[in-house]
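What follows is a short report on a single structure.
The values are calculated or read from the model by the stated rules, or taken from the named source; none is laboratory data. As the structure is a prediction and not an experimental result, all values here were calculated from the model. Ideal geometry is used to build each Cβ from the backbone, glycine not excepted, and the neighbour counts take in all protein chains shown.
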Amino acid sequence: MSKKLLAFALLGLITLSSGSSAMAASSESIDPTAVEFELTVDGVTKEVTLSKLGVSATEEEEEDRFAFIMSWFGQASILDGLLSREADYEFSWSELRSEDALRNIYDLDRPKSARFIQSDGVLNIESEVEGVEFDITSLLEEVTSDYPRLDEYEIETTEAELTHADELIDHFGQVQSILENGFNITVNDESHSFPAQLKDIVVLREGGDVSLDLNTPFMEYVLNTLDELTYSEASDLVIAEAPEGLGKASLEGVVSNGQNLDIELTEKLISGAMRSGDADATGVVNVDQGDVINESGLDLGNLDHLSMGISDFSTSPSGRDFNVRKALNEHYNGMVIPAGESFHFNDFLGPVTYSAGWAGSYAIFNGNELKTVPGGGVCQVSTTIYRAALNAGLDIEQQRNHSLYVHYYEAYGDGQDSTIYPGVQDLVFKNNTDAPILIEAYADGTDAIVNFYGTSDGRSVELNGPFTQSNQTDEVIAGTGGLGYNQIAWQQVITWPDGRTEEDWRISSYNGGVTQY
């Protein structure tokens, strides 16, 4: 008989007797998870079973009978093939439950590092639990692959590397500060506080050293929130029309730099601060520069940013606030100063009368008298333009400080103020560059902002101060002759591309005392 015919005959034989055979096999089968074997752990040997270790077994479905019978022909005889066939099982287990089962059998503690805990709002440290670690999965894979010919087995254990309570003590103050005050991040001098919970802080062990960091979800929340809070789009200033000489250009928009958080670098800085034991960090932004776009058709040079002047008018009464904004927007925004020409502030102020649209506010007369007059507060704008001229290193040809010490001008340059009054006192400076200068003037909230744009000749300007009687040094005394209780001085140092330096001392004297530094 051929092998193929024999196979079919056997197939038929098995088919006819399959019912009785299956029942017999089922009744006589042994649960593979109940078979005992020896397992040694830390020198202790015990008889265990897969069932005790949390392992379950499922008998796999029979192979196609024909394919199974055909496989016998590789045996020495058909009988050998029948005798060699064993039931196949699929084993499964939960690594955590099996590990717990082995620990219970051999009385092994699960190791735990020391950790911070909170109870009723009080921070404390829970001590570590010593114990061993082992690879339960590798053991069970070895045993189940050997079934049914189980042998003697041994599992290797290692002492767990734990964080100890005394290592956390050094970080107790840091954790307590974060929980009480939040984690603080400063971006562009603005502080942002993020309230944190204990679960947001992770303990790290690197190279034997213990440190802290923020966990991934909380770190992502912090970075995404910071990105939203600090994001801004850049905007451009467009010169639509420009005068051929000294005069006022037609402008659209303002130059404003945009920014977005440098997420990768800020994350590194936060992690670095946490690992150094700090509860605050610094964030970094990428700046998108706004531009000045010249569509006038006239050659105004490169229009580089040369300097800025800034002053604070937040405490101004309504009339003064109105006058400051009117002067900035209507009279000085867009002024073009040709190369070599002098700028006279009063020439572009126009009639300062109620009929010209000015509001009434205080002005200083006779050294110490305050009177309500139309246009009171315009000196805020002349002061801001003066500061931009100083920072640009332009030639100051006429300027005088107020007779009274005015607290409006303390911020951003105490002692750098410039009073004006039409027909009496003016602010005059010369454009000593080789190209026109464009003045951009506007209010940003309650800050008066003045920017100068032109073609840089490479000069750099440094203003050192403020110096008063209380903080003057020998160098200040040598440069100013010594300051009195009512004087404030600034040192202006201009460095030219060829290395030359020019030094000038700007001294303001008032009728009365000044803030001492």
Can you find a residue that is closer than 21 Å to Ile449 by Cα and buried (at least 18 other Cβ atoms within 10 Å of the Cβ) anywhere in region 362-372?
no
Can you confirm whether region 186-194 contains a residue that is of a type outside the set (A, V, I, L, M, F, W, C) and closer than 17 Å to Ile125 by Cβ?
no
Of all the residues that make up region 156-176, how many are modelled with pLDDT of 95 or more, among the hydrophobic types (A, V, I, L, M, F, W, C) and under 18 Å from Gly131 (Cβ atoms)?
1
Give me a count of the residues in region 396-439 that are under 20 Å from Leu463 (Cα atoms), touching a helix residue (DSSP H, G or I) at 6+ places or on another chain (Cβ under 8 Å) and acidic (Asp, Glu).
1
Residue check: is Leu349 under 35 Å from the mean Cα position of the chain (by Cα), under 25 Å from Val255 (Cβ atoms) and surrounded by 14 or more Cβ atoms within 10 Å (Cβ to Cβ)?
no
Specify the residue that is nearest to Ala388 (Cα to Cα); the eligible residues are those in region 503-517 that are in contact (Cβ under 8 Å) with a residue 24 or more places away in the chain and either of a type in the set (Lys, Arg) or assigned to a strand (DSSP E or B) (or both).
Arg506
From the set of residues in region 197-212 that are among the small types (Gly, Ala, Ser) and more than 16 Å from Phe172 (Cβ to Cβ), which is farthest from the chain's Cα centre (by Cα)?
Gly208
Return yes when Leu306 is farther than 22 Å from Gln398 by Cβ and modelled with pLDDT of 95 or more and no when it is not.
no
Among residues of region 373-394 being out of contact with any helix residue (DSSP H, G or I) (no Cβ under 9 Å at 6 or more places or on another chain) and not aliphatic (A, V, I, L, M), the residue surrounded by the fewest Cβ atoms within 10 Å (Cβ to Cβ) is Asn391
Yes/no for Ala448 being touching a residue at least 24 places away in the same chain (Cβ under 8 Å) and surrounded by fewer than 17 Cβ atoms within 10 Å (Cβ to Cβ):
no
Only one of Val175, Val187, Val203 is outside the structural domain of Glu47 (by TED's automatic domain parsing) and touching a Lys or Arg at 6+ places or on another chain (Cβ under 8 Å). Can you tell me which?
Val203
So Ile239 clears everything in (1) without any contact (Cβ under 8 Å) to a residue 40 or more places away in the chain; (2) within 30 Å of Pro338 (Cα to Cα); (3) surrounded by 15 or more Cβ atoms within 10 Å (Cβ to Cβ) except one condition, right? Which one?
(1)
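Per-residue answers, yes or no, for (1) closer than 21 Å to Gly360 by Cβ; (2) in the same structural domain as Ile488 (by TED's automatic domain parsing); (3) among the hydrophobic types (A, V, I, L, M, F, W, C); (4) in a strand (DSSP E or B):
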residue: Gly377; (1), (2), (3), (4): yes, no, no, no
residue: Val381; (1), (2), (3), (4): yes, no, yes, no
residue: Thr384; (1), (2), (3), (4): no, no, no, no
residue: Asn391; (1), (2), (3), (4): no, no, no, no
residue: Ser403; (1), (2), (3), (4): yes, no, no, no
residue: Ala411; (1), (2), (3), (4): no, no, yes, no
Residue count for region 366-375, restricted to those that are in a strand (DSSP E or B) and farther than 23 Å from Asn329 by Cβ:
3
Can you list the strands (runs of 3 or more DSSP E) lying wholly within region 300-365 that have 1 or more residues being touching a Lys or Arg at 6+ places or on another chain (Cβ under 7 Å) and more than 22 Å from Val424 (Cα to Cα)?
304-312, 335-337
The conditions are (1) of a type in the set (Phe, Trp, Tyr); (2) surrounded by 14 or more Cβ atoms within 10 Å (Cβ to Cβ); (3) not assigned by TED's automatic domain parsing to the domain that holds Tyr332, and Tyr485 fails exactly one of them. Which is it?
(2)
